[in-house]
Amino acid sequence: MKKLLNGIRVLDLTNVLSGPFSTLHLAWLGAEVIKVENPKGGDLARKLGCVPEYNQKLMGTSFLAQNANKKSLTLNLKKDEAKEIFKKLAATADVVVENFRPGVMDRLGIGYEILRKINPGLVYCAISGFGQTGPDARKPAYDQIIQGLSGVMAINGTKDLNPLRTGFPVCDTVGGINAAFAIMAGLFHKQRTGEGQFIDIALLDSIMPFMGWVVANLMIGGQQPQLMGNDNFTAAPSGAFRTRDGYINIAANKQEQWEAVTEVLGMPELKEDLRFKERDTRKANRHELTPILEEKLVQHNTDYWVTELNKRDVPSGAILSLDQAVVQPQVEHRNTFSEVNVPGIGPLRLFNMTAKFDKTPGFVESPPPVLSQHTDGILKELGYPEAEILNLREEGII
């Protein structure tokens with residue numbers, strides 16, 4: 001199969017999540033992504049995960065999840081010889097991605113201003129918590145800090161459970177997607193003009209547009225966010241409801257869907273109930289509506305109601321545990337995961353690219369690399385003889 005980014009070389013100096021998730025998208029699409037890691041442990045994610053044995057092997061589950069299809073080169077970038085190797089490599093690259101704090105690459109002597117003189121077509125993407133400029137630019141940041149400062153934690157939960165963080169590192173992940181999109185746009189510009197450029201990605205910037213409706217209600221309509229737990233503030237009934245064996249999500253966002261709900265539940269009289277007849281009054285009276293609906297819903301299992309409601313084009317679904325979610329038939333059908341054999345660990349299911357290209361698909365082809373797995377090969381490609389590579393290793397440069 002043709003690969004969309006075949007021939008594109010990416011130097012990935014990133015750690016943990018936002019950066020590696022960004023470059024994972026490029027690696028899925030066929031770019032040669034070279035992780036440039038420190039020789040003493042590499043990417044911190046190599047030591048992060050729930051399996052101590054894998055952490056000790058520097059192949060933690062957090063690392064495994066984000067680094068398929070990549071190569072690993074180790075360089076001690078505090079050493080002058082390592083910086084020279086990196087510069088030689090940058091001359092051959094299309095993209096450099098880093099997620100250090102602002103100024104770190106400049107202090108190392110390999111920042112954008114240096115690299116663009118070596119390679120004017122270089123697309124350089126810097127990912128940080130707050131961006132490269134501004135009053136908070138130099139502050140340290142992890143995902144949870146950005147969740148708090150962005151307002152994400154303030155709009156989650158209920159009056160009794162707030163503030164509440166999202167159950168996965170949403171700001172890191174969104175920042176990575178934003179960076180991948182920006183890098184692709186930078187490559188498109190380079191293709192048209194031959195020019196590289198500097199891309200400044202901030203996690204704080206990245207997450208805010210993802211709250212678009214909530215922010216628009218506040219900034220345009222003057223409405224403060226409502227702490228509604230699993231309810232959807234845009235419609236009713238729209239949220240999670242009890243059934244005989246668990247819970248169901250129902251999203252009757254249109255008037256005809258609401259009317260279908262009343263018929264499926266055998267309660268058509270609710271269509272004319274003044275508390276629920278119109279959309280806005282239903283929203284205002286959702287706390288009265290929910291127990292009425294649940295009196296019926298608890299009479300059957302979730303699967304029964306999902307089937308009956310979907311027959312009437314009412315969006316509904318079970319609320320699955322994570323272990324159920326990752327093996328559901330639709331996920332299997334979509335090839336969301338591929339099985340790949342990881343040396344020293346065995347077969348693992350890792351994510352494929354979820355955008356489905358009919359001509360240039362992206363998927364897992366090789367396992368996440370062992371630390372420094374490709375160092376010798378990359379250095380030989382740059383013209384370093386074996387004796388010199390051995391010397392570089394003995395001196396702690398690689």
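The values are calculated or read from the model by the stated rules, or taken from the named source; none is laboratory data. From a predicted model like this one, the values you see are computed outputs, not experimental measurements. Quick reminder, even Gly has a Cβ in these numbers, built from the backbone with ideal geometry, and neighbours come from all protein chains shown.
Is it fair to say ASP172 is farther than 21 Å from LEU89 by Cα and surrounded by fewer than 17 Cβ atoms within 10 Å (Cβ to Cβ)? No; evaluated as a whole, the condition is false for this residue.
Quickly run through the stretch 40-58 and pick out the residues that are of a type in the set (A, V, I, L, M) and touching a Gly at 6+ places or on another chain (Cβ under 7 Å). Write out each step before concluding.
Residues of the stretch 40-58 of a type in the set (A, V, I, L, M): 44-45, 48, 51, 58.
ALA45, LEU48, LEU58, listed by residue number.
Is it the case, given these coordinates, that GLY7 is part of a loop (DSSP other than H, G, I, E, B) and more than 22 Å from the chain's Cα centre (by Cα)? Yes; evaluated as a whole, the condition is true for this residue. Checking each residue in the stretch 352-378 for being in contact with a Leu (Cβ under 8 Å, 6 or more places away or on another chain), aliphatic (A, V, I, L, M) and either under 17 Å from THR23 (Cα atoms) or in a loop (DSSP other than H, G, I, E, B) (or both) picks out MET353, VAL364, VAL370, LEU371.
Under the condition of being touching a Ser or Thr at 6+ places or on another chain (Cβ under 7 Å) and in a helix (DSSP H, G or I), which residue from the stretch 263-284 is surrounded by the fewest Cβ atoms within 10 Å (Cβ to Cβ)? Out of the qualifying residues, it is PRO268.
Would you please name the residue that is farthest from the chain's Cα centre (by Cα), looking only at residues in the stretch 300-333 that are in a loop (DSSP other than H, G, I, E, B) and charged (D, E, K, R)? Let's see the steps before the verdict.
Initially, the stretch 300-333 is screened for residues in a loop (DSSP other than H, G, I, E, B), giving 300-301, 312-315, 319-321, 326-328.
From what is left, the residues that are charged (D, E, K, R) are 312-313.
On the way: ARG312: 34, ASP313: 31 Å.
Looking at residues that are in a loop (DSSP other than H, G, I, E, B) and charged (D, E, K, R), I get ARG312.
PRO343: in contact (Cβ under 8 Å) with a residue 40 or more places away in the chain and either surrounded by fewer than 17 Cβ atoms within 10 Å (Cβ to Cβ) or over 26 Å from the mean Cα position of the chain (by Cα) (or both), yes or no? Don't jump to the end; show me each part of the working.
Values: in contact (Cβ under 8 Å) with a residue 40 or more places away in the chain: no; either surrounded by fewer than 17 Cβ atoms within 10 Å (Cβ to Cβ) or over 26 Å from the mean Cα position of the chain (by Cα) (or both): yes.
Considered against the rule, which asks whether it is in contact (Cβ under 8 Å) with a residue 40 or more places away in the chain and either surrounded by fewer than 17 Cβ atoms within 10 Å (Cβ to Cβ) or over 26 Å from the mean Cα position of the chain (by Cα) (or both), PRO343 comes out as no.
When the stretch 207-262 is examined, which residues are found to be of a type in the set (Lys, Arg) and either touching a residue at least 24 places away in the same chain (Cβ under 8 Å) or surrounded by 18 or more Cβ atoms within 10 Å (Cβ to Cβ) (or both)? Within the stretch 207-262, ARG242, ARG244 qualify.
In this structure, does ASP358 turn out to be out of contact with any Ser or Thr (no Cβ under 7 Å at 6 or more places or on another chain), surrounded by fewer than 16 Cβ atoms within 10 Å (Cβ to Cβ) and not assigned by TED's automatic domain parsing to the domain that holds VAL36? I'd like the intermediate steps shown before the answer.
Values: out of contact with any Ser or Thr (no Cβ under 7 Å at 6 or more places or on another chain): yes; surrounded by fewer than 16 Cβ atoms within 10 Å (Cβ to Cβ): yes; not assigned by TED's automatic domain parsing to the domain that holds VAL36: no.
Answer is no for this residue.
If you check ASN162, ASN99 for being outside the structural domain of HIS287 (by TED's automatic domain parsing) and surrounded by 16 or more Cβ atoms within 10 Å (Cβ to Cβ), only one passes: ASN99. Pairing residues of the stretch 286-315 that are without any contact (Cβ under 8 Å) to a residue 40 or more places away in the chain with residues that are of a type in the set (D, E, K, R), at Cβ distances under 8 Å and at least 6 apart in sequence or on separate chains, gives GLU288/ARG275. A single member of GLY111, GLY121, GLY60, GLY129 is touching a helix residue (DSSP H, G or I) at 6+ places or on another chain (Cβ under 6 Å), without any contact (Cβ under 8 Å) to a residue 12 or more places away in the chain and either surrounded by 22 or more Cβ atoms within 10 Å (Cβ to Cβ) or at negative phi (or both), and it is GLY111.
Any idea which residue in the stretch 10-47 is surrounded by the fewest Cβ atoms within 10 Å (Cβ to Cβ), counting only those that are outside any strand (DSSP E or B) and over 20 Å from the mean Cα position of the chain (by Cα)? Give the derivation first.
Residues of the stretch 10-47 outside any strand (DSSP E or B): 13-31, 38-47.
Cutting the leftovers down to over 20 Å from the mean Cα position of the chain (by Cα) gives us 38-42.
Working: ASN38: 17, PRO39: 18, LYS40: 9, GLY41: 12, GLY42: 21.
Ranking the qualifying residues of the stretch 10-47, first place goes to LYS40.
At least 1 residues being over 17 Å from ASP200 (Cβ atoms) and more than 27 Å from the chain's Cα centre (by Cα) is the threshold, and among the helices (runs of 4 or more DSSP H) wholly inside the stretch 87-156 those reaching it are 104-108, 112-118.
Results for (1) of a type outside the set (A, V, I, L, M, F, W, C); (2) over 26 Å from GLY157 (Cβ atoms); (3) at pLDDT 95 or above, shown as yes or no for each residue.
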site: ASP231; (1), (2), (3): yes, no, no
site: ALA235; (1), (2), (3): no, no, no
site: ILE250; (1), (2), (3): no, no, yes
site: GLU256; (1), (2), (3): yes, yes, yes
site: ALA260; (1), (2), (3): no, yes, yes
site: LEU274; (1), (2), (3): no, yes, yes
site: ARG282; (1), (2), (3): yes, no, yes
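Taking the conditions (1) of a type in the set (Asp, Glu); (2) in contact with a strand residue (DSSP E or B) (Cβ under 9 Å, 6 or more places away or on another chain); (3) assigned by TED's automatic domain parsing to the domain that holds ASN310 in turn, ASP231 satisfies each one other than (3).
Within the stretch 123-142, can one find any residue that is closer than 25 Å to GLY383 by Cβ and touching a Gly at 6+ places or on another chain (Cβ under 8 Å)?
At the first step, the residues of the stretch 123-142 found to be closer than 25 Å to GLY383 by Cβ are 123-124.
Checking which are touching a Gly at 6+ places or on another chain (Cβ under 8 Å) leaves us with 123-124.
Checking the stretch 123-142: at least one residue is closer than 25 Å to GLY383 by Cβ and touching a Gly at 6+ places or on another chain (Cβ under 8 Å).
Scanning the stretch 171-194 for residues that are closer than 16 Å to PHE210 by Cα and of a type in the set (Val, Ile, Thr) turns up THR173, VAL174, ILE177.
Going through LYS2, LYS71 one at a time, which residue ends up being outside the structural domain of VAL174 (by TED's automatic domain parsing) and under 27 Å from LEU382 (Cα atoms)? I'd like the intermediate steps shown before the answer.
Numbers: LYS71 fails: outside the structural domain of VAL174 (by TED's automatic domain parsing).
Result: LYS2 is the single residue among LYS2, LYS71 that is outside the structural domain of VAL174 (by TED's automatic domain parsing) and under 27 Å from LEU382 (Cα atoms).
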